[in-house]
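Right, one structure below, let's go through it.
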Amino acid sequence: MIRLRLIIIALLAIACSSATTRELPSTPPSIIGQITHVNRAGEKIGSIRVEAQPGDSAGSEKAVARVGQGTPVVGIGGKAADFSALQVGQWVRVWFTGPVAQSYPVQATASAVAIDSLPR
């Protein structure tokens, strides 16, 4: 009986831990950079401006990525997060999905966002 309880506890721990972590795409990110602006369109949606070299007025990669409720956001350590976790100053990796507007900065929809650092 004790062994059965330990097995159940272990299975519950595995199930809970997988619910709190998310996997990222296996492809290289579309952009890696620092969040320089967050535009909140609601509690869990909006857009982020990501700059590969913040402070450069032109020449370096910049993107405005739309983040929806279904967009996976992965926090530091692989923990599941959402749009509300995104803050100016964080370094992130962003994967795009669908068409990318070739403006400067590029504009696209994020298929996933990974937070790599705390805001500075």
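Nothing in this text is a laboratory measurement; each read-out follows from the coordinates by a stated rule. For clarity, every value in this text was computed on a predicted model and none was experimentally measured. Virtual Cβ from ideal backbone geometry, glycine too; neighbours counted across all protein chains shown.
Observations, loosely collected:
- Distant-in-sequence amide contacts of Q90, defined by a placed amide H-H separation under 5 Å and a gap of 5 or more residues or a different chain, comprise I35, R120.
- For segment 27-40, Karplus couplings with θ = phi - 60° (6.51, -1.76, 1.60), whole Hz, Gly/Pro x: 7, x, x, 6, 8, 10, x, 9, 6, 10, 7, 10, 10, 8
- The packing ranking, built from the mean of other Cβ atoms within 10 Å per residue, places the peptides 55-65, 103-113 in the order 103-113, 55-65, highest first.
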